[in-house]
Amino acid sequence: MRLGVLDVGSNTVHLLVVDAHRGGHPTPMNSEKTALRLAESLDSSGRLSRAGADALVRTVAAARVSAAAAGCADLLAFATSALRDAPNSAQVLARVHAETGVTLEVLPGEDEARYTFLAVRRWFGWSAGRLLVCDIGGGSLELASGMDELPSVAVSVPLGAGRLTREWFSADPPPRREIGALRTHVDEVLAPAAARLAEAGVADRAVATSKTFRSLARLTGAAPSSEGPRAPRVLSETGLHQLIAFISRMSAADLAQLDGVSGSRAHQLVAGAVVAEATMQALDVHQLEIGPWALREGVILRRLDWLDGAARNGHTPRSLPTATGLGADQEARYTG
């Protein structure tokens, strides 16, 4: 089955097309990214601007055309923190559906953590033992821990790299006092989440996903993307601490010239690094493995599980254009 996943994030709208079946390895067939920066189109009240909504409609419409041209049998379209937090998200989502025919499902932060955890579990397998998974997005930080395919603890906190850059930094590069103030804030917000994860037990393997973690790992010496997804990559606490001292003095333009840093995200790398270091220290993790699968793969895998369960229970799998069918309540209705 050929599936399309449309991920509307705070920074990027990403269409991933895969060939996949239950029990098999999803094979990427096509990937299209648009640096929309929705989070930067929010006004002072947090509402998405008309210009931002216009751009979103155009991008989603183009993605639907691409998915159809690629022969996708299903398009799973979802949005994360930028639309999740916008007071006018319902109106924007209604407009997207009316003008493109695509229904964007807004994922709760905890579901982001769960689907990402599932993807990491499937990648590393049962031999990984108790997993701890960390993912830094543009608007939020997701954390999850557990022994099974779905985590026993899944939390989302508003510590995304883009959000913090906008809210805490006034200059490029940011003044040292602002970096210090941000670190204090991150520590305070992280404390309750870290306590919940500590109660779940000590992890046998700690894994990080997301572009932010991959960039930080690359800057500390990890293998480049050209070596493929199976090349081992790690981010150490020591290496990250040294890196922060270096990149915090650089402008976004200079950061964008570094290998592994994309121009559209360079401006938020310092904030992301602060969150990464604070997270490792709060969770008492000295090294993170970088996992190649994350939220999009988790959505695909859960969808395949759902289709398989529906078929086994005598239901005719229907093509849902959104991630609605991935919710725990609806999933239980079909899988028993």
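The values are calculated or read from the model by the stated rules, or taken from the named source; none is laboratory data. The shown structure was predicted, so the numbers you read here are calculated from the model rather than taken from an experiment. Cβ placement follows ideal geometry from the backbone for every residue including glycine, while neighbour counts extend to all protein chains displayed. Areas reflect the complete protein model, heavy atoms only, side chains present, ligands, DNA and RNA absent. Shrake-Rupley method; radii C 1.70, N 1.55, O 1.52, S 1.80 Å.
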Quick check on my filter: what residues within region 74-114 are of a type in the set (D, E, K, R) and over 26 Å from L301 (Cβ atoms)?
D85, R95, E99
Could you please find all residues in region 279-300 being among the hydrophobic types (A, V, I, L, M, F, W, C) and open to solvent by 40 Å² or more (accessible area, probe 1.4 Å)?
A282
Listed residues A223, A208, A203; which is outside any helix (DSSP H, G or I), more than 18 Å from V133 (Cβ to Cβ) and among the aliphatic types (A, V, I, L, M)?
A223
Given (1) surrounded by fewer than 19 Cβ atoms within 10 Å (Cβ to Cβ); (2) at pLDDT 95 or above, index of the condition L240 fails
(1)
If you go through region 118-164 one residue at a time, how many are of a type in the set (S, T, Y) and either surrounded by 24 or more Cβ atoms within 10 Å (Cβ to Cβ) or within 13 Å of the chain's Cα centre (by Cα) (or both)?
3
What's the number of the condition A68 fails, among (1) open to solvent by 20 Å² or more (accessible area, probe 1.4 Å); (2) more than 20 Å from I300 (Cβ to Cβ)?
(2)
Suppose we filter region 37-71 for residues that are modelled with pLDDT under 95 and under 21 Å from Y115 (Cβ atoms); how many remain?
2
Going through region 25-60 in order, the residues found to be assigned to a helix (DSSP H, G or I), open to solvent by 60 Å² or more (accessible area, probe 1.4 Å) and without any contact (Cβ under 8 Å) to a residue 12 or more places away in the chain are R50, A51, R58
So, of the residues in region 169-202 that are open to solvent by 70 Å² or more (accessible area, probe 1.4 Å) and touching a residue at least 60 places away in the same chain (Cβ under 8 Å), which turns out to be nearest to A256 (Cα to Cα)?
D172
Which condition breaks for A253 when tested against (1) assigned to a helix (DSSP H, G or I); (2) modelled with pLDDT under 95?
(2)
Answer residue from region 212-225, given it is open to solvent by 40 Å² or more (accessible area, probe 1.4 Å) and modelled with pLDDT of 95 or more and is farthest from L159 (Cα to Cα) among those
G221
Please tell me if R84 is within 16 Å of the chain's Cα centre (by Cα) and of a type in the set (D, E, K, R).
yes
Run A231 past the list (1) touching a strand residue (DSSP E or B) at 6+ places or on another chain (Cβ under 8 Å); (2) outside any helix (DSSP H, G or I) and report the number of the one that doesn't hold.
(1)
Some residue of region 233-249 being in contact with a Gly (Cβ under 9 Å, 6 or more places away or on another chain) and touching a residue at least 60 places away in the same chain (Cβ under 8 Å)
no
Pick from region 256-278 the residues that are outside any helix (DSSP H, G or I) and in contact with a helix residue (DSSP H, G or I) (Cβ under 8 Å, 6 or more places away or on another chain): which of them is surrounded by the fewest Cβ atoms within 10 Å (Cβ to Cβ)?
D259
